[in-house]
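Take a look at the structure below.
The values are calculated or read from the model by the stated rules, or taken from the named source; none is laboratory data. Since the model is a prediction, treat every value here as computed from it, not as a measurement. Neighbour counts are summed over all protein chains in view; Cβ atoms, including those assigned to glycine, are modelled from backbone coordinates with ideal geometry.
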Amino acid sequence: MTLLNLVLFLPLIGFLVVLLLPKNNPGLIKMVTLIAAIGIFVLSLGLTQPVFNPEVAGSAGKGVWFITDVPWIQSPEIRYHVGLDGLSVWLVLLSTLLTPISVLISWNYISNRQKEFYAFLLLLEFGLIGVFVALDLFLFYVFWEVCLVPMYFLIGVWGHERRIYAAVKFFLYTMAGSVLMLAAIIYLYNKGGTFDYVNLLDMMQRGRLTLSPTEQNWLFLAFFLAFAIKVPLFPLHTWLPDAHVEAPTAGSVMLAAVMLKMGTYGIVRFCLPMFPQAARENAWWIVILAIIGIIYGALVALVQPNMKKLVAYSSVSHLGFVILGIFSFNQPGLDGAVYQMLNHGISTGALFMLVGYLYERTHTLEIKDYGGVSTVAPWLATTFLITTLASIGLPTLNNFIGEFLVLQGSAYVNIWWTVFAATGVILSAGYMLWMYQRTFMGETNAHLHGHMHDMNGREAVAFLPLLVLMVWMGTYTQTFLPTITAANTRILEQSKSGVEFRVNAQQGGIPAAAKEMGNAR
Amino acid sequence: MPDNFVPTAAEMLRFLPELILIVVGTLIMVLDPLTRHEDKNRLGILAILGLAGAAWGTFVAAQNGGPAFQGMLLVDGFATFFRYLVILVGALTVMASLSYLKRENAEAGEYYALTVFSVVGQCVMVTANELIMIFIGLEISSIATYILAGYLRDDKRNNESALKYFLLGSFATAFLLYGIAWIYGSTGTTNLAEIRRVLASGEGAPSQALLGLSAALMFVGFAFKVSAVPFQSWAPDVYQGAPAPVSGFMSAGPKAAAFAIFLRVYLAAFEPIAAKWQAVVIVSAIATMIVGNFAALLQGNIKRMLAYSSIAHAGYVMVAIAAHNEIGTAAVMFYMASYALMNVGAFAVIAHVARAGEKYVNTDDMAGLGVRQPVTAALLTIFLLSLIGVPLTGGFFGKFYIFKAALDANLIWPTIIGLLNSAVAAYYYLRVIVVMYFREPGESTADLPPLAPGVQAVLWGSALAILVLGIYPSVILDFAGRSANLVK
C-alpha cells in the first residue's frame, strides 16, 4: 500500500462513510468531510517527498514515483497501474488542496441535501486524483468518466436557475467527446495488446508498435477531441460558461481549478508522446484555435454583465495560453503551459471563491448591482484585488511566470503567435480591472448596506492558502518548476521520436537559446 | 429408428432444469384452485423455489455436459450460461411481481406458472442444437409471454399489448419456420453442426439463392424476437401496455434467449456463409441503434422510453454478432447478463412508482423521488448510469467488450456510430435522473408506499450485481469467455 493508493482511495472511503452518516445531522456531516479532506491533503503533502529528496526519486527509476502495478481484469488485460511524476504531482496536490477549501466555502452556502453534496465532493476528488495518476489507458478512461457523475449532480442539484440545462449540456458534451477516445483506446489495445500506457509508449519507441500516419492522425484526433472539449478549446467551449455560471461556488471552483486541467493534462500526457507526428502536423490549426480562444474569450469577457460569466470566459482565454504553450513543442512553452495550468487553478479558483462570497451576501452576480464594496468590506476588496492582479499576470504573482514562459516558447516558433496571444494579456488587464473598478470602487450601492459584511474567519482561512500560493508561485518558482521541467523534458523527448524534422534549418539556433533562458531561470 | 432412442440417465440429467421447472409449473397450476385467495403469494414463493431448484439442476446438468436426445439438445458452457441467466431473470421477475399483483388485486397461480413455463421455453431455446427444438422452445416461451403481456385482462392497455404481440409474434415465427423448412430442404438436415458441415463442404451443392433466402427468412424471425429494425415496431406498444414487471421480464429473459439462438444459428450453422449475412446484420444493427436511440429521445412515457432503449441495446448487441468472433460471443453473453439486471431493476422501480392501475408511468412522474425515497432513487440511478454505460457499472463493460470485439473484426464504422449513439442515449436516461433529483417533488411521488420486501431484494440484488460486474467483470466474463466457443 503506497501513500499514493492511500491518497487515492481515502476520498472514496470518505464518500461511502458520508453516505452512511445520518441525514439529519448536517454539522456532523460537514465536520467529517472537512476532517477527511484536510487529512487527505496532509497525506498528499507526503507525495512531494521525491520532489525534494532526489534519493527517494532516484530509487523508483525513470522519474515515476509511488508506482503500483497490479492486474485488475485478466481478459482483456487491464491493470491497476498508477504512478506519480513531476507533471501529475502538483495537479494531485491542487485537487487535494481545493477539496477542503470547497468544503469550507460551502459551509453555509449549501443548505439543502447537505449529505449528498459533501459525499459528491469527495467522490469528485477520488475521480480527479485518479485521472492524474492513472498510467493505464483504460483506468484513465474509467476515472475520466467517474468525474463526470458527481459534477453533474453538483451542478444539477445545487446550481442556480438554469442548472438543469447546464448540467445536461456539461454531461453530454464531455460524454460525446470521450466515447471516441474510448474507441481509440480500444483500437490501440487491439494493435498493441495492452492498455498499459508505459508499455505502449515503450513499444512505440522501440518500434515494436508502429502506427501508420493515417492511423496516428485519427487516433490523435479522437483523443484530442475528448481533451479539447474538456479544456475547452474554442469553438468547443460553449458548455463552460453555462456550467460555471449555474454551478454552486464549490462546483465552479472545482470545475475551473481542477477539471479543466484534465483536458490539458491529457494532451500533455497522452497526445504528445503517443502521437508525436500527428500532434505536430495538426499543431497549426490547434494553435490558431488557441489564439482565437485567447482573444475571443477576452473580448467576450469584456462585455459580460455577470461576474461569474466574466470569470468563465476569462478561463477560455487563459486556457488558450496553455494550449499555445503545449503546441509550441519546446521546453519553455511546455513548462509555461504546465505552470499555467496550476496558476489558473489557483487564481481562477480564488476568483470563483470570492465571487461566491459576494453572491452569498447579496444573491446577485450582476456587476451593476455592486459598487463601492471596498468601503464596506475592505478585506474582501483587498483579497479580490490581489487575485485580480494575479489573474492579469502582474510580475511577482503566479500567472506572470506561466504566461511569460508560454509567450517565450511560442516566440521561438513564430513571433506572430506571441504578438496575437500577448493582446490577450492586455485585454485581461482590461476586463479584470474594469470589473474590479465597477464592483469595489465608487459610490457604495445603497442596497448593499446591511447585506455586505467583510470576510469572516472561515472565509479568510479558506482563502489564505491560495493567497500564499499566488505569491509563492510568483516569486519562488524553484519549488515547482524543476520537477515540471524534468517531466516535460522527458515528454518532449518522447514526442520527438519518429518525427522527421523538416524545418531544422529554421530552428537551428533556438534550442541553445532556450537552454540559456532555462538556465537563467 | 436408432437403437438408443430411449434416453440414458445422463441425458435425462442434462434435461434436469427443464424437468424441474415443468414439474413445479404444473404443481402450481394444480395447487392454484386449492389455495385461498389471500395465500396466493405462496405459489409465487413456490415458483421461486422451483427456479432455485432449476438453477441447481443447471449446475448438475453442466457437470454432465454433452448432447442429449440424438443431439437435439446440447448442454455446453454457452447453454449453461444462458440457462442460469434466464432462470435468474425469471426469479427476479416473480419476486418483483409479488407485491405488484397484490396491489392490482390480481393474484393467481397462473401468473407464476406462466412465468415458469416461459423460462422452460427459454431454457430449451438456449440448449437447442437443432432447428426444430429451437422453434419448439421459442413457441413455449412466446406463448407464455403473450398471455403474461395481457395478464390484467380488465386493463385495455394489457389487451392491446397482448393482441399486438401475439399477432405480430405469430407472423414472425411463421417466417422463422418457413426459413427452417427451406434450410431442411436445401441441406437435408436440421442439426446445426450438420448444416455447418454441409455448407462448408458444398456437399449436394445447395442453391445459393435458396440458402440466402432461407437465412433471410430466419433473420426476420430472430430480428423480430430481439426487436431489431425493421421488425422493431411492436416493442414500444407491447412494453408500454404490458404490466411493468412483465415488460421487464420480456426485455430481459426472452430477449436473452432470442439472442442466444441468434448466435447459435448464425455462428454455429451459418458461419461458412458469414460473408453473406454479415453486411445485413451490420446494416440492421446500425439502423436499430439509431432508430432506438432517437425515438427514445421523444418519449414521455417511461415504459415506452425503455422499450426504445431496449431496441437500441439490441443494436449494440447485433454489432457484436456481426463481428462473429469468440470475443463477440463472450461480449454478447456478458452484455445480456448486465442488461437483464439493469432492465429488470429499472422496471421494478417503475412498477413501484406507477402505483395501482399504473397511473404514474410518465418520466415526469418520477419528480421528487430523490427527496421522497432517496434509496429507491439512488438504486434507479445506478441502473440508469449502467444503461448509459458509465464506468464502474456492468453496462459499461458490456459496451466496452462489444465494441472491442467489433474493432477486432475491423468494424470501425459500426463502432464509431455505436459509441456516438451511446452518447445520444445518455440524454434520455439523464432526463430521468434530472426529474428525480432536480425537479420539485410532484403529487405523483406523494404518499408513495415503502418498497415491498420482494422488490427491495430485486433492486438491491441487481444493483449490487451491476456494481460487481462493473468493478470486477472477470467473475462473469471468464465464464462467458470459456463458453463462447460455439463450434464443437
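What's the total number of residues in segment B:308-359 that are within 19 Å of B:Leu467 (Cβ to Cβ) and assigned to a loop (DSSP other than H, G, I, E, B)?
Qualifying residue count, segment B:308-359: 0.
Which one of these does A:Glu161 not meet: (1) within 12 Å of another protein chain (Cβ to nearest Cβ); (2) under 22 Å from B:Leu419 (Cα atoms); (3) in contact (Cβ under 8 Å) with a residue 24 or more places away in the chain; (4) surrounded by fewer than 20 Cβ atoms within 10 Å (Cβ to Cβ)?
Going through (1) within 12 Å of another protein chain (Cβ to nearest Cβ); (2) under 22 Å from B:Leu419 (Cα atoms); (3) in contact (Cβ under 8 Å) with a residue 24 or more places away in the chain; (4) surrounded by fewer than 20 Cβ atoms within 10 Å (Cβ to Cβ) one by one, A:Glu161 breaks only (2).
If you go through segment B:1-34, how many residues are at pLDDT below 85 and β-branched (Val, Ile, Thr)?
Within segment B:1-34, residues that are at pLDDT below 85 and β-branched (Val, Ile, Thr) number 2.
Report every pair of residues separated by at least 6 positions or lying on different chains whose Cβ atoms are under 7 Å apart, first residue within segment A:69-82 and among the acidic types (Asp, Glu), second modelled with pLDDT of 80 or more and outside any loop (DSSP other than H, G, I, E, B).
A:Asp69/A:Arg79; A:Asp69/A:His81; A:Glu77/A:Pro71
Tell me which residues, restricted to segment B:155-198, are small (Gly, Ala, Ser), at pLDDT 90 or above and over 30 Å from B:Pro243 (Cβ atoms).
B:Gly179, B:Ala181
Go through the residues of segment B:386-401 one by one and say whether even a single one is within 12 Å of another protein chain (Cβ to nearest Cβ) and at positive phi.
Looking for residues that are within 12 Å of another protein chain (Cβ to nearest Cβ) and at positive phi, one finds at least one in segment B:386-401, hence yes.
Pick from A:Ser111, A:Ser44, A:Ser59: which is of a type in the set (S, T, N, Q), modelled with pLDDT under 85 and more than 23 Å from A:Glu459 (Cβ to Cβ)?
A:Ser59
Using beta carbons and a limit of 8 Å, which pairs, at least six apart or on different chains, have the first residue in segment B:77-99 and without any contact (Cβ under 8 Å) to a residue 40 or more places away in the chain and surrounded by fewer than 24 Cβ atoms within 10 Å (Cβ to Cβ) and the second one assigned to a helix (DSSP H, G or I) and of a type in the set (S, T, N, Q)?
Once the first residue is without any contact (Cβ under 8 Å) to a residue 40 or more places away in the chain and surrounded by fewer than 24 Cβ atoms within 10 Å (Cβ to Cβ) and sits in segment B:77-99, its partners that are assigned to a helix (DSSP H, G or I) and of a type in the set (S, T, N, Q) give B:Tyr84/B:Thr58.
Hey, A:Thr214 hits all of (1) more than 10 Å from chain B (Cβ to nearest Cβ); (2) buried (at least 21 other Cβ atoms within 10 Å of the Cβ); (3) at pLDDT 85 or above but one; which does it fall short on?
(2)
Would a scan of segment A:138-153 turn up a residue that is more than 17 Å from A:Ala257 (Cα to Cα), touching a residue at least 40 places away in the same chain (Cβ under 8 Å) and out of contact with any strand residue (DSSP E or B) (no Cβ under 7 Å at 6 or more places or on another chain)?
Within segment A:138-153 (the criterion being more than 17 Å from A:Ala257 (Cα to Cα), touching a residue at least 40 places away in the same chain (Cβ under 8 Å) and out of contact with any strand residue (DSSP E or B) (no Cβ under 7 Å at 6 or more places or on another chain)), the answer is yes, since at least one residue qualifies.
Given the conditions (1) more than 25 Å from A:Phe321 (Cα to Cα); (2) of a type outside the set (S, T, N, Q); (3) more than 12 Å from every other protein chain (Cβ to nearest Cβ); (4) buried (at least 22 other Cβ atoms within 10 Å of the Cβ), which single one is not true for A:Pro241?
(1)
Using the structure shown, decide if B:Ile417 is buried (at least 21 other Cβ atoms within 10 Å of the Cβ) and more than 8 Å from chain A (Cβ to nearest Cβ).
When the stated conditions are applied, B:Ile417 does not pass them.
Please go through segment A:168-180 and give me each residue that is surrounded by fewer than 24 Cβ atoms within 10 Å (Cβ to Cβ) and more than 9 Å from every other protein chain (Cβ to nearest Cβ), ordered by number.
A:Lys169, A:Tyr173
Check off (1) more than 7 Å from chain A (Cβ to nearest Cβ); (2) surrounded by 22 or more Cβ atoms within 10 Å (Cβ to Cβ); (3) of a type in the set (S, T, N, Q) for B:Ser422 and give me the number that stays unchecked.
Evaluating B:Ser422 over (1) more than 7 Å from chain A (Cβ to nearest Cβ); (2) surrounded by 22 or more Cβ atoms within 10 Å (Cβ to Cβ); (3) of a type in the set (S, T, N, Q) leaves (1) as the failure.
Which condition number in (1) closer than 18 Å to B:Tyr239 by Cβ; (2) not in a helix (DSSP H, G or I) is the one that B:Thr189 fails?
Result: B:Thr189 fails condition (1) only.
Could you tell me which numbered condition A:Asp202 fails, if it satisfies all but one of (1) acidic (Asp, Glu); (2) without any contact (Cβ under 8 Å) to a residue 40 or more places away in the chain; (3) within 12 Å of another protein chain (Cβ to nearest Cβ)?
The single condition A:Asp202 does not satisfy is (3).
Answer yes if at least one residue in segment A:299-315 is among the polar types (S, T, N, Q) and crowded, with 23+ Cβ neighbours inside 10 Å, and no otherwise.
Scanning segment A:299-315, I find at least one residue that is among the polar types (S, T, N, Q) and crowded, with 23+ Cβ neighbours inside 10 Å, so the answer is yes.
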